[in-house]
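S.K.: To start, I am sharing the structure in question, which I have written as C-alpha cells.
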C-alpha cells in the first residue's frame, strides 16, 4: 500500500484506502460505465478495527464506502466543509448497509 500511495499519490507512508477513478484520464473512454477501483489495506483495516472496538467486516465496509465516495468525486481533504459533506454521506450510506 505504501508503494501505491507513493507511486500514484506522491505520498509517503501507508494508507488505509486508495481509489483509482476510471472516469478520468487518458483512457476514461474505454469503459465509461466503470467508476474505478478501490484498494483497501486489510492489515491497516484490521488494526483500525481493533483500535476502534469494531469488527474487521465493519471497518472494511466503512473503507469501501469511503473509497467509492472518492470515485464519485468527494474529497475530504479539499476543505473542512467537503470533509463534513463526505462524512455525512458516508454515515447515510452505512445506515443503508
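Only the coordinates and a few stated rules stand behind these numbers; no lab work does. No experiment lies behind these values; they were computed from the predicted model shown.
S.K.: If each residue of separation counts as 0.36 nm, what is the full-extension length gain between residue 82 and residue 31 once their alpha-carbon separation is subtracted?
M.R.: Result: 15.6 nm gained on full extension.
S.K.: Note down the Stokes-Einstein diffusion coefficient of segment 2-96 in µm²/s, whole number, using a Kirkwood radius over alpha carbon pairs, 4 °C, and 1.567 mPa s.
M.R.: The diffusion coefficient I find is 90 µm²/s.
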